[in-house]
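Participant: Have a look at this one before I ask anything.
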Number of protein chains: 2
Amino acid sequence: MKGKPVKHFSRFLFFVALSLATLSLTLGQTPIPSNYDSLAQAIVREALGSNHSYALLNDLVIKVGNRLSGSPANAKAVAWARNTMERLGFENVRLEPVMVPKWVRGNVEEAFILHPDGKQERLNIVALGGSIATPNKGITAGVVEVKSFEELRSLGAAAKGKVVFFNRPMDRTLMTTFAGYSGAVNQRGRGAVEAAYAGGVAAIVRSMTTRLDDVPHTGGMGYADTVAKVPTAAVSTVGAERLSALLKEGKNIRLQIKLSAQSFPDVESANVLGELRGTEKPEEVVVIGGHLDSWDKGQGAHDDGAGCVHAIEALRILKSLGLQPKRTIRAVMFANEENGLRGGTAYAAQERLGEKHIAAIESDAGGFAPRAFGVSEPAYEKVLAWASALRFVGIDRVQRGGGGADIGPLMRKGVPGLGLIPEGHRYFDYHHSDSDTIDKVNERELALGSAAMALMAWLVAQEGL
Amino acid sequence: MKGKPVKHFSRFLFFVALSLATLSLTLGQTPIPSNYDSLAQAIVREALGSNHSYALLNDLVIKVGNRLSGSPANAKAVAWARNTMERLGFENVRLEPVMVPKWVRGNVEEAFILHPDGKQERLNIVALGGSIATPNKGITAGVVEVKSFEELRSLGAAAKGKVVFFNRPMDRTLMTTFAGYSGAVNQRGRGAVEAAYAGGVAAIVRSMTTRLDDVPHTGGMGYADTVAKVPTAAVSTVGAERLSALLKEGKNIRLQIKLSAQSFPDVESANVLGELRGTEKPEEVVVIGGHLDSWDKGQGAHDDGAGCVHAIEALRILKSLGLQPKRTIRAVMFANEENGLRGGTAYAAQERLGEKHIAAIESDAGGFAPRAFGVSEPAYEKVLAWASALRFVGIDRVQRGGGGADIGPLMRKGVPGLGLIPEGHRYFDYHHSDSDTIDKVNERELALGSAAMALMAWLVAQEGL
């Protein structure tokens, strides 16, 4: 596209405008004051103009980096979040301690394909979070490849003594990458258990991404008390394709896997809270948050540095515009989403006398351009009526069903949940891997996520839900 | 976000659904057959599943690379487009020759800040397309910084003998980057003329991007017959900030600029055409296209390799689904958008007896995730009625006012124009610079752009416009 001004790009006459006016009447909603449209635009100007979101994320990733629960970096992240909220002048900044798991990857994680002629071929792997170690000399065994637990079970004794290789790709034809992830991630979560039931000695799983590259992606997994624990790791998609091709050729190969991971007793971490206190109903609370922990790969920039920045920045933007909400808006940096959900669980379990949570809004799907909010059922129609203002921050869809892992425990207590849904096509290219670094985050897209969160928090704080 | 399936992401209950049903009735549109929804989903599956868009773009950038009008690479690109359409089995694949400008950057483009103490400090610059060269020894002069032509004019004789430095940034607070671009790009297009009127000896302009980095961005500019031609170049935003800071400090600095650019007589290039012939009204034509030329920096991946891929791939997708349109769908790879618009002009000027163009659809805003279509006025309401199907390919907005530079000449002859509007926040990070390479294109986002173009071409071919 060349140098001429392209005027039509600056027009904002969307097809939803007329239809939403109609819809509001249809649903019998109270018409929303048109000044929410102006407010939305002011929020966008502040978010984009200050570019503070990117500065904040950069501060987190250069001062702390990744921050797995139980690690020294995680403790630094807690201090960073408290200091940042205090520096920005939030009210009632405080920690709510919570015990979290401590799992340490250690220095060794490697795998080699051993060819019959003695050739060794490296596979890029990462231990899955929670995996046990292999013996020091590693595990060396043949490999059986399966696409599903059903297929594994149908093999009978054939998997006995073998490394079980789960290689069902995420379905790349689905419009939402999260749906593709949901359809494949049971291999990672339960692969070790199923491998052990089949008599396998280890489990490796194709990384959860539609991208072909040589970067493996970690993530959570579980063991069962009823069966042996076997070590488990993810292999890059390039490695998975290579291994699968060799197996299809009928090559008599074996795998050697070494992992040094260890679990330790729980350690103390904390949820970090800060507020804009409500002027009319301070006891009614809108929670807005992301999770402060990350996996121990890359920088946890999209997952979930972006969500933490979104929540902190939402409050900062409102504050900088001189806005004081009717109800209290509370930013919560949740502890330990990735491997325990202890922060979200503890937050919801905490007795809070005289307080009522009216909604919880989570950002945990990356720092990309905002496109939608998912909203849990009872609140759906009310949020739908805010669509006119929401489209000024790039939110074109309001979907039924929303929330996020951290606010799940609150939602199960009846609190309406909302989840920010950014553009998702790149999310799993980086997720839980060394690729999740700040250079993958665009400063404008990150800022608009903050704007979307600020507007939604404000609408809920003013209008209730 | 962790390993648990997140079911709400796979739901597609959008807020527009009910409202659009209402709206269609309001506007008295013929209800669209619901099978366009299914078709849209099938198109998405084919686009994402085959991943052919990315393969095609990679083929273009590795075999051809960037492809400025008049260059040997541009001739290779023409051959590539014809061969590709023939290989894919399009009908009536042909070239329509068009004479295009030939401007050659040459090997020298450099600038140094000369400090009073003899220190030299490099500035990263690129000649603007069409600029004349400096003398071999360069131009060395003091610098005057302005933010607007008005400011320059108000300086009177102060700019005489100086390098005029246009340093008004794109407005980063605007939601659409294209609006920010429109508000700043006159400095690039007309800076040399205004500098010359003020008695300046050269013009340098801050690169057209909101990103701070050290990569300069080229682009088109013009001279006037009524005033001297002075050499002109763009400086990176990092360089612009540095230079501005030194000037604000009152440093007695000078700039040395060397450019070796040259213009040559026009050479022959071509528009490249290929079709799916209509079964019922083959004489009615839907044009779908992008421009094949690019600037001579990076790979022209987003601008406009992506648009070329979108158009070719749209036809391939429809063909692969066994669909034969009622009206003819014609892919056009336009020549010379960047520095002359000769291809679009020639295409519209060509007499085509017995043919009627019913619409022209352009993709020239990058290979990012599709979000909207801009539609010229008479066609707006009809396209609006297709919103239900369009949202399955990620199109959430239909905006009044659309098209693109290449189809502008057709539109001025009364043909309705449509322009694909992808997510635009990253576009100017790469635009017209060494950064516009295929690694900045996400394969899923590119494929969905193709899906959006395929669906729109099909709807117009079946329903008219």
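The values are calculated or read from the model by the stated rules, or taken from the named source; none is laboratory data. Bear in mind the structure is a predicted one, so any value in this text is a computation, not a measurement. Glycine also receives a Cβ, built like all others from the backbone with ideal geometry; neighbour counts cover every protein chain displayed. Accessible surface areas use protein heavy atoms only, side chains included; no ligands, DNA or RNA. Shrake-Rupley method; radii C 1.70, N 1.55, O 1.52, S 1.80 Å.
Participant: Give the number of residues within region A:326-342 that are of a type in the set (Gly, Ala, Ser) and either more than 19 Å from residue A:285 (Cβ to Cβ) or in contact with a Ser or Thr (Cβ under 9 Å, 6 or more places away or on another chain) (or both).
Facilitator: Let us first name the residues in region A:326-342 that are of a type in the set (Gly, Ala, Ser), namely A:331, A:335, A:340.
Among the residues that remain, those that are also either more than 19 Å from residue A:285 (Cβ to Cβ) or in contact with a Ser or Thr (Cβ under 9 Å, 6 or more places away or on another chain) (or both) are: A:335, A:340.
Total satisfying the criteria: 2.
Participant: So which residues in region A:138-173 are without any contact (Cβ under 8 Å) to a residue 40 or more places away in the chain and either closer than 23 Å to residue A:106 by Cβ or surrounded by 21 or more Cβ atoms within 10 Å (Cβ to Cβ) (or both), if there are any at all?
Facilitator: The initial filter retains those residues of region A:138-173 that are without any contact (Cβ under 8 Å) to a residue 40 or more places away in the chain, namely A:146-148, A:150-151, A:154, A:156, A:158, A:162, A:168, A:171-173.
A:146, A:162, listed by residue number.
Participant: Tell me which strands (runs of 3 or more DSSP E) are completely within region B:67-140 and hold 1 or more residues being at positive phi and at pLDDT 95 or above, or say none if there are none.
Facilitator: It comes to B:91-104.
Participant: Counting just the residues of region A:392-404 that are at the interface with another protein chain (Cβ under 8 Å from one of its Cβ atoms) and touching a helix residue (DSSP H, G or I) at 6+ places or on another chain (Cβ under 7 Å), which one comes out most open to solvent (accessible area, probe 1.4 Å)?
Facilitator: My answer is A:400.
Participant: So which residues in region A:192-209 are free of Cβ contacts under 8 Å to residues at least 60 places away in the same chain and either within 13 Å of chain B (Cβ to nearest Cβ) or not in a loop (DSSP other than H, G, I, E, B) (or both)? Step through it out loud before you land on a result.
Facilitator: Kept after step one, since they are free of Cβ contacts under 8 Å to residues at least 60 places away in the same chain, are these residues of region A:192-209: A:193-200, A:203, A:206.
Residues satisfying the conditions are A:193, A:194, A:195, A:196, A:197, A:203, A:206.
Participant: State whether one or more residues within region B:51-61 are within 14 Å of chain A (Cβ to nearest Cβ), modelled with pLDDT under 95 and not in a helix (DSSP H, G or I). Let's see the steps before the verdict.
Facilitator: Taking region B:51-61 as the starting set, the residues that turn out to be within 14 Å of chain A (Cβ to nearest Cβ) are B:51-55, B:58.
Applying the additional criterion that residues be modelled with pLDDT under 95 yields none.
There is no residue in region B:51-61 that is within 14 Å of chain A (Cβ to nearest Cβ), modelled with pLDDT under 95 and not in a helix (DSSP H, G or I).
Participant: Also: Which condition does residue A:208 not pass, out of (1) crowded, with 23+ Cβ neighbours inside 10 Å; (2) in contact with an Asp or Glu (Cβ under 6 Å, 6 or more places away or on another chain), if it passes all the others?
Facilitator: (2)
Participant: Please state which of the following conditions residue B:226 fails to meet, knowing it meets all the rest: (1) in a loop (DSSP other than H, G, I, E, B); (2) of a type in the set (Ser, Thr, Tyr); (3) within 11 Å of chain A (Cβ to nearest Cβ).
Facilitator: Of everything listed in (1) in a loop (DSSP other than H, G, I, E, B); (2) of a type in the set (Ser, Thr, Tyr); (3) within 11 Å of chain A (Cβ to nearest Cβ), residue B:226 misses just condition (3).
Participant: Evaluate the following for residue B:382: is it within 11 Å of chain A (Cβ to nearest Cβ), open to solvent by 10 Å² or more (accessible area, probe 1.4 Å) and basic (Lys, Arg)?
Facilitator: Values: within 11 Å of chain A (Cβ to nearest Cβ): no; open to solvent by 10 Å² or more (accessible area, probe 1.4 Å): yes; basic (Lys, Arg): yes.
So residue B:382 does not fit the description; no.
Participant: Report, by residue number, each residue of region A:314-360 that is within 14 Å of another protein chain (Cβ to nearest Cβ), among the hydrophobic types (A, V, I, L, M, F, W, C) and either under 30 Å from residue A:267 (Cβ atoms) or crowded, with 22+ Cβ neighbours inside 10 Å (or both).
Facilitator: The answer is A:317, A:334, A:335, A:341.
Participant: Kindly indicate whether residue B:82 is more than 23 Å from residue A:176 (Cα to Cα) and surrounded by fewer than 17 Cβ atoms within 10 Å (Cβ to Cβ). Write out each step before concluding.
Facilitator: Working: more than 23 Å from residue A:176 (Cα to Cα): yes; surrounded by fewer than 17 Cβ atoms within 10 Å (Cβ to Cβ): no.
Criteria not met by residue B:82.
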